[in-house]
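Here the structure is laid out as structure tokens; the discussion comes afterwards.
The values are calculated or read from the model by the stated rules, or taken from the named source; none is laboratory data. The structure displayed is predicted, hence computed values, not measured ones. Glycine gets a Cβ as well: all are built from the backbone with ideal geometry, and neighbour counts include every protein chain shown.
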Ligand code: COI
């Protein structure tokens, strides 16, 4: 085991499957002896080797630079008036921003208590970040379209490699909960996740703009392909987006439980159009509707708690589009009380209220719902908190494929809050223990709020 750990610390990370064998519960050390040997090797290879010393000096230079934040509106305006020169400019902006944003997070890892850094899942993400940082900082200035294409290919590879980051972080953090104060843990996770969203937005926007530019059928000066400018949709429709997420959640629940899930009734300002990154809003609405629908089903049919996911579910998730598609329900009736979604559009903000009769959240659990830390007592009581070995098995199962929405990492609610606040919105929950819960999502309609990285 020690050998395996040493090997891990001394090499570069290329592919996630290498880590599969290391998914195992805490503690990792078979004896105090192996613990000290491991520490010695870590200290030597990670902290005090001359190579590491120079790497950290370079990191310092990047950490000393601050991040240049952007707004959704800037993404839209810049992408709408794209020229070759602007595409290269934005390529170089991304090229300089990504290593700075990564460097700050690598430093956060270094500031964690030592024992947390030795957790294999945390160490894996740390190594992935170093490897990406080195690759990105060494990429030379982009001076023409071919170099921009090459840059996009590099970034595409990294985006794929980093798909494992969230499940690995969630696993690592739950294994290390006892070594971190919950506030410190939450601060770390919030910063990590915000920064990750920011890097992926920059990277994906540059890739999408480049793909549009290389597409001969693409007409600039207009919002192309269904109103998309890069990854930003300028034509998000409030009602449609809720319906899409409701269909998906209901399709998933119907597949798992083999019974008609509660209906989702949408009212209010269902025709409001706004500019947003659909993935961001879909993540929150899916998560909240999923909590509501499952909450209602489990409250009224407690025997469903023992139903396990059918094995064919993974194949279905690989065709995510099918689940996003119109509701596959054949039978519109449901024995459950419906979920009600009300949309309200104000001059600057758009609100979604999701109300369910799923029994609410108890006083014991409510104070912890926004925390990334899980505790053994909560694990047993709240469906959203998952036991570590269970989660590890699932992460392992799905690591090579897309991360499907059924992979409950137990971080859905705090993660939705991160998404809601990212572009200046918010997420609040009011609950009536014994009856149900109302979730309020607020998003900024104007797109003039800067990325929320703090
Ligand atoms: C991430 O997904 O965590 C990233 O940092 C992606 C970026 C390197 C393009």
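Things worth noting here:
- When segment 135-160 is filtered for residues that are in contact (Cβ under 8 Å) with a residue 40 or more places away in the chain and within 13 Å of the ligand (Cβ to nearest atom), the ones remaining, listed by number, are 136, 137, 139, 151, 152, 155, 156, 158, 159.
- Residue 284 modelled with pLDDT under 90, within 23 Å of residue 163 (Cβ to Cβ) and crowded, with 20+ Cβ neighbours inside 10 Å: no
- Residue match in segment 158-171 (condition: crowded, with 18+ Cβ neighbours inside 10 Å and at pLDDT 95 or above): yes
- Residue in segment 298-305 that is surrounded by 19 or more Cβ atoms within 10 Å (Cβ to Cβ) and farther than 18 Å from residue 343 by Cα present: yes
- Of all residue pairs spaced 6 or more apart or on separate chains, those with beta-carbon atoms under 6 Å, a first member in segment 111-128 that is closer than 11 Å to residue 168 by Cβ and a second member that is assigned to a loop (DSSP other than H, G, I, E, B) and modelled with pLDDT under 95 are 119/176; 127/13; 128/13.
- For segment 58-75, the candidate set comprises residues that are more than 21 Å from residue 276 (Cα to Cα) and outside any helix (DSSP H, G or I); within that set, the residue that is nearest to the ligand (Cβ to nearest atom) is 67.
- Test set (1) more than 14 Å from the ligand (Cβ to nearest atom); (2) assigned to a helix (DSSP H, G or I); (3) closer than 20 Å to residue 205 by Cα; (4) at pLDDT 95 or above - residue 78 fails condition number: (4)
- Segment 107-121, residues that are surrounded by 22 or more Cβ atoms within 10 Å (Cβ to Cβ) and within 16 Å of the ligand (Cβ to nearest atom): 121
- Residue list for segment 256-268, filter: in contact (Cβ under 8 Å) with a residue 60 or more places away in the chain and in contact with a helix residue (DSSP H, G or I) (Cβ under 6 Å, 6 or more places away or on another chain): 261, 262, 264, 266
- Listed here are the helices (runs of 4 or more DSSP H) enclosed by segment 84-144 that have at least 3 residues being at pLDDT 95 or above and in contact with a helix residue (DSSP H, G or I) (Cβ under 9 Å, 6 or more places away or on another chain): 84-110, 120-137.
- Count of segment 405-454 residues which are closer than 24 Å to residue 185 by Cα, at pLDDT 90 or above and not in a strand (DSSP E or B): 14
- Elements of type helices (runs of 4 or more DSSP H) contained in segment 161-241, each with 1 or more residues being away from the ligand (no atom under 16 Å from the Cβ) and within 20 Å of the chain's Cα centre (by Cα): 165-175, 182-214
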